[in-house]
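Report on the following structure.
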Amino acid sequence: MRLVGTFLLALALATQVVALGPADVWLVVNKNVPDSREVAEYFIAKRCVPKTHLIELDLPKSEDVSRADYDAKLAGPIREALKDKKDKVKVLLTTYGVPLRVGGQAPSEEEKKELDKLKPDLEAARKKLSELEKNKEADPKEVAASRSEVSKLQGREGVLTHRESHASVDSELMLIWWPKYKLDRWVPNPLYFQTPEEYRKDKPPVVLTSRLDGPTVEIVKRLVDDAIAVEAKGLVGEVVIDARGIPFNPKEGRDAGHGYGGYDESMRETAKLLEKAGMKVTLDNKGEVLPAGSAKNVAIYCGWYSHANFVDCCEYVPGAIAWHLASSEAVTLRNKDSKVWCPNLLKKGVAATLGPVSEPYTIGFPKPAEFFGFLATGEYTLVESYGRSLLFCSWMTVLVGDPLYNPFKKNAKLKVEDVVPSPKGGTHILP
């Protein structure tokens, strides 16, 4: 019995070590925006985070930061401040006033020289292709070869200009301990629950990130208040899933499950999963977006695709988690007059949302069934559910909300084993 008691105690202590808590969170503050520190201190007081876990930086006041300033004024100082705490920093929480989006990498001098040589070749290739396409008697093989040449040169131009090297600040900060990595598009996320161990094992630590931000300081503080209040009893309300009726074909090939059909199927799987878990679910499987005033008492919402055009389709309960899959729904969080979804969802009372700061493609979003599935187990906080379901780092998406929020801790709806790769039959595109 003594051995059993010792084992149970050790197990309990191990669980306490693994569980994410206030001591795991460090806050990033913009010293040039007084509200930034106010939000950070509010979170520290409400969540009992150590007061020393605040990193104050000299940053631009806008929602954008250049790549050079990101390296020199944001990432560099954070690394320096936390260099002896690598194993302790589980979460970086950016606050109101910290830039949202980091610009692209500038070409090096060698890349500029190659670009100068490339531009006339690309211009000539495009001109040739245009002439061939206008010529009805042109050899189809020659047209195809010309298109291939233009595509090849455009691809090289994209590499040299680092066309898709911009990202959300928070997504870039996930790799704060990585010494060097390519800025051409994304980096596969080692924390994603399907990532093979062979890819994970030699990688530096990855940090979870979240953001306390929004149209006003009052709204941002409410995110924390609602999270704490709802945790005490558990999130209760209805589920609304606004899919589009796009069929999913598991035989699409290597990318099966990651295009429009795959994400639409994941939304339908979310509806089935949460309905089976006992929640009241409304699934709309038609192409049109749900109109204004469609649902009340909503705790979970996920839908698409009303691009940069918020539709007030739901009334939300305190603590609700809601996001809309479209290309630019977090290009701003602070502009009160913007029509993008993230700031408007926050204005309508949700406690957490997510979205991209620029074109993310569908794969920039978590699969809905995976993200909401992990959240509904009550085993994972908001930021952990996001980290486990996010395919890529150094990319476009940002999570907004209290990272420690665990809406179903008191009323778990699922078991961890209920959450499986989504959509069923989809392929796995990570290394």
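Things to note:
- For region 152-196, residues that are among the hydroxyl-bearing types (Ser, Thr, Tyr), part of a helix (DSSP H, G or I) and open to solvent by less than 20 Å² (accessible area, probe 1.4 Å) total 1.
- Options Gly158, Gly97; residue that is under 24 Å from Ser328 (Cβ atoms) and modelled with pLDDT of 95 or more: Gly97
- Members of region 353-385 found to be touching a Ser or Thr at 6+ places or on another chain (Cβ under 8 Å), part of a helix (DSSP H, G or I) and among the β-branched types (Val, Ile, Thr), listed by number: Val383
- Selected residue (only one of Ile219, Ile241 is open to solvent by 10 Å² or more (accessible area, probe 1.4 Å), closer than 17 Å to Leu345 by Cβ and touching a helix residue (DSSP H, G or I) at 6+ places or on another chain (Cβ under 7 Å)): Ile219
- Of all the residues in region 297-307, those that are farther than 20 Å from Tyr361 by Cβ and either open to solvent by less than 20 Å² (accessible area, probe 1.4 Å) or without any contact (Cβ under 8 Å) to a residue 24 or more places away in the chain (or both) number 4.
- If only residues of region 308-341 that are open to solvent by 10 Å² or more (accessible area, probe 1.4 Å) and not in a loop (DSSP other than H, G, I, E, B) are counted, the one that is nearest to Val217 (Cα to Cα) is Pro318.
- Residue within region 266-279 that is open to solvent by 30 Å² or more (accessible area, probe 1.4 Å), closer than 30 Å to Trp26 by Cα and over 24 Å from the mean Cα position of the chain (by Cα) present: no
- Residue match in region 18-33 (condition: open to solvent by 50 Å² or more (accessible area, probe 1.4 Å) and either at pLDDT below 95 or assigned to a strand (DSSP E or B) (or both)): yes
- Output for region 347-371, where each listed residue is surrounded by 24 or more Cβ atoms within 10 Å (Cβ to Cβ) and among the charged types (D, E, K, R): Lys367, Glu370
- Taken across region 278-290, residues that are among the acidic types (Asp, Glu), closer than 22 Å to Lys367 by Cβ, touching a residue at least 40 places away in the same chain (Cβ under 8 Å) and part of a strand (DSSP E or B) do occur, with at least one present.
- One residue from Ala369, Ala320, Ala352 being under 18 Å from Gly387 (Cα atoms), touching a residue at least 60 places away in the same chain (Cβ under 8 Å) and in contact with a Gly (Cβ under 7 Å, 6 or more places away or on another chain): Ala352
- Of all residues in region 280-289, exactly one satisfies the criterion of being closer than 15 Å to Phe372 by Cβ and either in contact with a Gly (Cβ under 8 Å, 6 or more places away or on another chain) or open to solvent by 100 Å² or more (accessible area, probe 1.4 Å) (or both), namely Lys280.
- A Cβ distance below 9 Å, combined with a sequence gap of six or more or placement on separate chains, defines the contacts here; from region 20-32, residues that are at positive phi reach no residue that is open to solvent by 50 Å² or more (accessible area, probe 1.4 Å).
- Scanning region 313-341 for residues that are touching a Pro at 6+ places or on another chain (Cβ under 9 Å) and more than 26 Å from Ser36 (Cβ to Cβ) yields Cys313, Leu325, Ala326, Ser327.
For (1) within 16 Å of Ala369 (Cα to Cα); (2) under 19 Å from the mean Cα position of the chain (by Cα); (3) open to solvent by 60 Å² or more (accessible area, probe 1.4 Å), each residue gets a yes or a no:
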{"position": "Leu390", "(1), (2), (3)": "yes, yes, no"}
{"position": "Cys393", "(1), (2), (3)": "no, yes, no"}
{"position": "Lys410", "(1), (2), (3)": "no, no, yes"}
{"position": "Lys415", "(1), (2), (3)": "yes, no, yes"}
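- So Val39, is it within 23 Å of Leu223 (Cα to Cα), open to solvent by less than 30 Å² (accessible area, probe 1.4 Å) and in a strand (DSSP E or B): no
- Every condition in (1) touching a helix residue (DSSP H, G or I) at 6+ places or on another chain (Cβ under 8 Å); (2) in a helix (DSSP H, G or I); (3) surrounded by fewer than 24 Cβ atoms within 10 Å (Cβ to Cβ) holds for Asn344 except the one numbered (1).
- Scan of region 44-63 for residues that are closer than 23 Å to Pro99 by Cβ and assigned to a loop (DSSP other than H, G, I, E, B), ordered by number: Val49, His53, Asp58, Leu59, Pro60, Lys61, Ser62, Glu63
- Pairs, first farther than 19 Å from Pro179 by Cβ and assigned to a helix (DSSP H, G or I) in region 197-220, second among the charged types (D, E, K, R) and open to solvent by less than 40 Å² (accessible area, probe 1.4 Å), C-beta under 9 Å, six or more apart: Val220/Asp213
- Residue check, Gly104 surrounded by 15 or more Cβ atoms within 10 Å (Cβ to Cβ), of a type outside the set (S, T, N, Q), in contact with a strand residue (DSSP E or B) (Cβ under 9 Å, 6 or more places away or on another chain) and under 28 Å from Leu223 (Cα atoms): no
The values are calculated or read from the model by the stated rules, or taken from the named source; none is laboratory data. A quick note: this is a predicted structure, and the numbers were derived from the prediction, not measured. As a convention, Cβ positions derive from the backbone with ideal geometry for all residues, glycine included, and neighbour counts pool all protein chains shown. Areas reflect the complete protein model, heavy atoms only, side chains present, ligands, DNA and RNA absent. Shrake-Rupley method; radii C 1.70, N 1.55, O 1.52, S 1.80 Å.
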